[in-house]
Amino acid sequence: MAAAVAAGFIPPALVLIILAATEAVSIAWVVAALVLGAVAAGWSTLAVARVWASRAERIETVAASLEKHEPPPHLIPDERDAMGRAERRLLDAADAVADEIESLAEQRDEFEAILRGMTEAVVVTGSRGEVVLLNAPARRMFALSPDANYNGRDFVELCRDPRLQEFVARATASGGGQVTSAEIALQTPAPRHVSASGAPVRRRSGAGGAAWVFVFHDITQLKSYETQRADFVANLTHEIRTPLSALYGYAETLIRGVDDPETARRFLGIIEHQARRLSRLIDDLISLSDLERGLMPLKLDDLDAGTVLKDAEELMREQARREGVELPLDCPGNLPLIRGDRDRLHQVMVNLLDNAIKYTPRGGSVVVSARAATSAPPESRPGVELIVSDTGEGIPAADIPRLTERFYRVDRARSRELGGTGLGLAIVKHIVQLHGGSLRIESRLREGTTVTVWIPAAAASVPSAATGTSGS
Ligand code: ADP
């Protein structure tokens, strides 16, 4: 700007100097004109420079606000000239950019909140398979550190499981913008079933950033339910088919006619036995299904544990006598009352006694007892243990954790021969759980089995006055 002013000032100055040299104008006038011209040029240069400096400052302020992703301060520009109007446009554009940045930040916060709230594992990778984003469930699923920064690391290397690596390779190779889905049985870092899907991210430019989104849903539990249901149906079919074919076969033979009355009676006996077995199976199935579906709500009362044991022992006494098994009852008189459903607890004790008598050889004994006991810490609630302890054949340690599964038996043929349904302990477990109690099975092969049921004490528990000790 100074150069422009100088360029405008120098030609008239030269003309004045030439006029002074030819003595057309007096030197004094020339000097006065030159000084006045220089002062006017300097003054106007300064004024223009100040205006420009303030405009530059305003533009700087707008740029600084944009750098900080903030809306620019609204310094009103002088819009009388082109520069002022350009400033106004810049300010409006900066406002629009600031709004856009704010809405993008909001969208990012929402997106992050959604990712955090998802139970599915989400992994976003770049075009070369490098991690762009991992949510917390993904870190858990692939046993990664909860707070390490994995951005830029190769996802295939991080996930380690070959089946998952193969899925990622297939999804990224497919191209064409479609979603690739599959159910994968992972082995690493832990066995689990996942439903996986991988989809390309639609992008405006081919530059870096997100290229693929992978979502993994843990369906291990679902698979296990499916397997349990399929096993249950298979077991049930098997359990029903065996007595039915016997019924069918013997009935057919009898219809065709059996000459020997003794044989006919024996066949009828088998038919009766199998019919009873079917009926027991159906009764147990109904009990279990009602318990599982909550159709058998407990009728809770404050109960004397001694009475519960005595009632069950009385019912089973005859069966024990027939099998040649001793059935002593040992119940102290000062037990706290328990909070329970009399009929359901009776069902528990009868099932346990039935098992103990069935699996104890002639000459052995089954002791029914009770004692006050607190539950395991940290709850340590007061309660009573109802114990059935036999001197029978015992149960292999490996089978104990599975005994309460429906239809699980240590020796299937033997259980059937003894009239078992394979549902007794499953029913026991359900009833005990409904009472808020616990079930413990301890056993040693060829030495015997002890089943302990812990039931919480009644709130207003008073020591029981019953002296329910007897033997048989
Ligand atoms: P079951 O009708 O076959 O007795 P349960 O569910 O009551 O079915 O028991 C499951 C399995 O647990 C039995 O088949 C048996 O193998 C084993 N079992 C239960 N109680 C005893 C016991 N007191 N002694 C030995 N084995 C037992």
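Taking 7 Å along the Cα-to-C-beta vector as the label spot, tell me the Glu262-Val25 distance in nanometres, rounded to one decimal.
Inter-label distance under the simple model: 16.0 nm.
Which one of Ala230, Ala275, Ala251 has its Cα pushed farthest toward the positive end of the charge dipole of the range 224-292, where Lys and Arg give +1 and Asp and Glu give -1 at the Cβ?
So the residue we want is Ala251.
From zero up to wherever the largest Cα-Cα distance of the chain sits, split into 10 Å bins and tell me the percent of pairs in each.
Histogram of Cα-Cα distances, whole percents per bin: 3, 12, 14, 12, 11, 11, 8, 6, 5, 4, 3, 3, 3, 2, 1, 0, 0.
List the aspartates and glutamates whose Cα sits under 14 Å from the Cα of Lys429, skipping any in the same chain fewer than 8 residues away.
Asp284, Asp290, Glu292, Glu405
Show me the ranking of peptides 111-117, 414-420 by mean Cβ neighbours inside 10 Å, starting with the highest.
Numbers: 111-117: 11.4, 414-420: 15.4.
Peptide ranking by packing, descending: 414-420, 111-117.
Which order, highest average first, do 306-313, 274-281, 193-200 follow once you tally other Cβ atoms within 10 Å for each residue and take the mean per peptide?
The most tightly packed comes first, giving 306-313, 193-200, 274-281.
If you place +1 on the Cβ of every Lys and Arg, -1 on the Cβ of every Asp and Glu, and leave all else neutral, what size is the dipole of the chain about its Cα centre, to the nearest 20 Debye?
900
Nearest 10 degrees, 0 to 90: what angle lies between the long axis of helix 342-358 and the longest principal axis of the chain (Cα atoms)?
On a 0 to 90 degree scale, this one is about 60.
What ranking, highest mean first, results for peptides 378-385, 147-154 when packing means the other Cβ atoms within 10 Å averaged over each residue?
Numbers: 378-385: 16.0, 147-154: 11.9.
Put in order of decreasing packing, that is 378-385, 147-154.
Only the coordinates and a few stated rules stand behind these numbers; no lab work does. Everything quoted here is computed from the prediction, not taken from an experiment. Here Cβ is always computed from backbone atoms with ideal geometry, including for glycine, and neighbour counts include all displayed protein chains.
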